[in-house]
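Notes for the one structure printed next.
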Amino acid sequence: MAFLLRADGNYGPEQFRALRKIEIACGEARILASLAILDDPHLIGPDEIGLGVQAFRRLGVPEGRDVSIAQARPPASLDAVRRKIGGDALLADEIDAIIRDIAHYRYSPMEIAAFLVACASFMSAEETLSLTRAMAAVGARLEWPGAMVVDKHCIGGIPGNRTSMIVVPIAMAHGLTIPKTSSRAITSPAGTADTMEVLAAVDLPVERIRAIVAREGAVLAWGGRANLSPADEILIAVERPLRIDTFEQMVASILSKKLAAGSTHLVLDLPVGPTAKLRSHAEAVRLKKLFEHVAAQLGLVIDVVFTDGRQPVGRGIGPALEARDVMAVLRRDPAAPQDLRAHALQLAGRVLDFDPALPGGQGEARARELLDSGAALAAMERLIAAQGPPPETVQIGPLCHTVPAPADGHVAAIDCHRLARIARLAGAPMDKGSGIDLAVKLGDAVRAGDPLYHVHAGTGAGLAYACELAAEASGYTLT
């Protein structure tokens, strides 16, 4: 964002209207920015232009330097977006041009939204492949020694499903290379990067990631700082408020980052359940085939696993609560959530099965051995030390409200989507201590007044918003 004074004699608002892009240049450095017109001369003086923090960082010149401004020409690739809006299938070079322009900030949020909505209406498998390749090509690419670099990913939609933070140290303890880069939460109360940031730094530059993987064989980092598939981070910022999450964009987002991260073998978790992203087996099969088609064209070995998405995994929903559950499993705490442990062992076993030195079908037994012996915990502790301390100390939200069972019965269904909304209203993931702590799961017996879950928040407003939604419908069905 750039800011210009309305009363400036040299640049009138009729020339540079608000919400239109302008080009700002200083020598070879140049950026495109959306323009806002200000009326307060105490904020911006005559012949001055103000920049938002991100725009100032991208321009990369000192404060006070002379710059030139001009109205930015619309990128030529917008013609292809208009064709896509009209229902046409785009060629690979047209998609390349769109993604390059997005990655170089030549599109406004409105133009990005138009592209996303047009793609959500219809996108062929070949367009999805072209989009994946284009997104992987515009950012940094990591390369690792050795023929096998493994990874594990879940498409999301199931609160508390923080298995990656258990799978990575298990694979690390086994000796596999697993450089795990993750996004922050899009529409969920926590992502792997948000949760790991409770324990260690995740905002790591590429050089640090390379050094940590060279020493430890693994990393659990945020992919945005590493500049892997940077167009994806820009698209996610627009997808989040629009809540766009189509199969095709999901495939391109996930596989472009795996390709850029240098992965060769991927275990992909597809949870299926009545309130998950995948509501039926038929939907899951269609998405599985699309992932397999694109992955095969990219030379990526992929193992797709259908898992139980009928309820949250573990007890905590929100970064701090989920980090607590992860560490309880790694520490072999008897009170650790057993469903999280079992789910993580299943996926870790599939990852270890990629190892040609391991007898076929022995992956899960080896994963259990590494977890039960404490080797996985030791690996996680080394990884936390290598990545460094988190940016802040996080405590579980001190404000708490218990949502009670309205009657006697058994838990027959849990609405994952509603619980995620309640946790987000409480403050997660931005307030890492906020979220939900589950007291009962599917099949459990409750009596009227027993706790279904506890809502944690850091502010009174967050607690009130979450409790209001929970009072309308708790997300639990009792029989």
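We did not get these values from a lab; they are worked out from the coordinates using the rules stated. Since the structure is predicted, the reported quantities are computational estimates derived from the model, not experimental observations. Methodologically, a virtual Cβ is constructed for each residue, glycine included, from the backbone with ideal geometry; neighbour enumeration extends over all protein chains shown.
Here the simple spin-label model places points 7 Å from the Cα toward Cβ, and for ALA140 and ILE186 these points are separated by 2.3 nm. For ILE302, the residues whose modelled amide H falls within less than 5 Å of its own, excluding neighbours fewer than 5 places apart on the same chain, are LEU266. Note on the chain: Kirkwood hydrodynamic radius from all Cα pairs is 24.0 Å, rounded to one decimal. Which whole-number percent of Cα pairs in segment 347-463 have a distance greater than 17 Å? Cα-Cα pairs in segment 347-463 separated by more than 17 Å: 70 percent. Just how many % of Cα pairs in segment 198-316 lie over 17 Å apart, if you round to the nearest whole percent? Looking at segment 198-316, the distances longer than 17 Å represent 65 percent of pairs. With the convex hull of its Cα atoms as the shape, segment 78-122 has an orientation-averaged projected area of 2.7 nm². Every helix of 4 or more DSSP H residues in the chain counts as -39500 (n - 2.57), and over all residues that averages to -13000 deg cm²/dmol at 222 nm. Taking only the C-alpha atoms of segment 82-217, Rg followed by Dmax gives 17.9, 52 Å. Principal semi-axes of the equivalent ellipsoid, √(5λ) from the alpha carbon gyration tensor of segment 14-101, are 32, 16, 10 Å from largest down. Note on MET148 and GLU381: their simple-model spin labels are 2.8 nm apart, each label 7 Å out from Cα toward Cβ. The alpha carbon radius of gyration of segment 399-478, expressed as a multiple of 2.2 N^0.38 Å, is 1.03.
Greater than 30 Å separation of Cα atoms is the criterion. Which listed pairs, LYS21/LYS180; LYS21/LYS152; LYS257/LYS432; LYS21/LYS288; LYS84/LYS432, meet it? Among LYS21/LYS180; LYS21/LYS152; LYS257/LYS432; LYS21/LYS288; LYS84/LYS432, the Cα-Cα distance tops 30 Å for LYS21/LYS180; LYS21/LYS152; LYS21/LYS288; LYS84/LYS432.
At an R0 of 45 angstrom, the distance between the Cβ atoms of ALA413 and VAL53 translates into a FRET efficiency of 0.50.
Near the amide H of TYR453, within less than 5 Å, lie the amide hydrogens of VAL403, ALA439, all on another chain or at least 5 residues away, with H placed in the peptide plane. With a Förster radius of 56 Å applied to the C-beta separation of ALA448 and ARG240, the computed FRET efficiency comes to 0.90.
Our estimate of slack between ARG83 and HIS293, defined as 0.36 nm per intervening residue step minus the Cα-Cα distance, is 73.1 nm. Computed from the Cβ-Cβ distance with R0 of 30 Å, the FRET efficiency linking ASP66 to ASN227 stands at 0.55. Using a simple spin-label model with pseudo-atoms 7 Å out from Cα toward Cβ, LEU91 and THR402 lie 6.7 nm apart. Taking K and R as +1 and D and E as -1, what net charge do the other residues with C-beta under 13 Å from the C-beta of GLU216 add up to? Neighbourhood net charge equals +4. With a bin width of 10 angstrom, please list the P(r) values of segment 247-360 as percents of all Cα-Cα pairs, from the 0 bin to the one holding the largest distance. Percent of pairs per bin, in order: 12, 35, 38, 15, 0.
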